[in-house]
Amino acid sequence: MAHMALTVGFDLDMTLIDSRPGIRACYQALSERTGTYIDADLAVTRLGPPLAEELINWFPAEEIAAMADLYRAMYPAIAITATPAMTGAREAIAAVREAGGRAIVVTAKYEPNAKLHLAHLRIEPDAVIGDLWAEQKAEALREHDAGVYVGDHVGDVRGARTAGALSVAVATGPCPAEELSAAGADVVLTDLTEFPRWLSDYRPARA
C-alpha cells in the first residue's frame, strides 16, 4: 500500500451495527417514561442524523436537551445488548487491518454509547469519535488522515467529500443506492460483505 498506511473511517449506526432494535426499544421506554407519544417504528426508518433532530418531532424545543440527556442515560441498559453487528462488519474491520491500515469509527452517536456498542460486539477499531454529523465528520477524518470513509447515509457522503476522502457507501441504511450515488458517493456497495474485495482491488490502485 505504497509507503503510507491507509486509514479507513466507518460510520456506526446501520453501517457497522443494526441499531434499529435497541433504538426502537429505547424510544418506546422514553415514551412510557415521559407519557409522550413517539412512533418508534417510524423513528428507526430515518437513523443517521443527531438525536435532537428526531426528538424535535415529538417534544417541544425547550425540552429537547433534557430529553436527549434522559434518552442517553437510559440507552445503555436498553439498547446495547439488543443491537447486533451488521453482516460483514467484523470482516470489514479485519480487512483494513490485514492491509496494514487503521480502522476508525466516526459517528453522530453519543460517544460513550458508541464505545459500549463496539465493546459489547467485540469490534475493536483504532479510535472512536462520536457526536459528529455530516460535514462535521470531516474534522475527525482529517485529524486521523482517513483516505476512505464508509457510511450508509447521504450525510456520510457529505462528510467524506468535505474531508477529501473517498466516499464508500453501503445501502444498508435509510438511503437507497440511487440516492447515495446522486449525493456523490464514489463507490456504492450492497453491504459490507462486499467491502474486503473492494479494498483488495483499491489498494493496488493506490500503490
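In segment 40-64, which residues are more than 22 Å from V154 (Cα to Cα), free of Cβ contacts under 8 Å to residues at least 12 places away in the same chain and surrounded by 12 or more Cβ atoms within 10 Å (Cβ to Cβ)?
Within segment 40-64, just E63 meets the criteria.
Determine which member of the set V150, V157 is closer than 24 Å to R46 by Cβ, without any contact (Cβ under 8 Å) to a residue 40 or more places away in the chain and crowded, with 24+ Cβ neighbours inside 10 Å.
Going through V150, V157 in turn, just one is closer than 24 Å to R46 by Cβ, without any contact (Cβ under 8 Å) to a residue 40 or more places away in the chain and crowded, with 24+ Cβ neighbours inside 10 Å: V157.
Collect the residues in segment 96-135 that are on the phi < 0 side of the Ramachandran plot, in a loop (DSSP other than H, G, I, E, B) and either open to solvent by 60 Å² or more (accessible area, probe 1.4 Å) or out of contact with any Pro (no Cβ under 8 Å at 6 or more places or on another chain) (or both), keeping them in residue-number order.
A99, G101, T107, K109, Y110, I123, E124, P125, D126, L132
Within segment 10-29, does at least one residue satisfy the condition of being farther than 30 Å from D126 by Cα and among the basic types (K, R)?
For segment 10-29, residues farther than 30 Å from D126 by Cα and among the basic types (K, R): absent.
Considering segment 162-195 alone, what residues qualify as being under 14 Å from L16 (Cβ atoms) and part of a helix (DSSP H, G or I)?
L192, T193, F195
The values are calculated or read from the model by the stated rules, or taken from the named source; none is laboratory data. A quick note: this is a predicted structure, and the numbers were derived from the prediction, not measured. Neighbour counts are summed over all protein chains in view; Cβ atoms, including those assigned to glycine, are modelled from backbone coordinates with ideal geometry. Note: accessible area is taken over every heavy atom of the protein model, side chains too, but ligands, DNA and RNA are not part of it. Shrake-Rupley method; radii C 1.70, N 1.55, O 1.52, S 1.80 Å.
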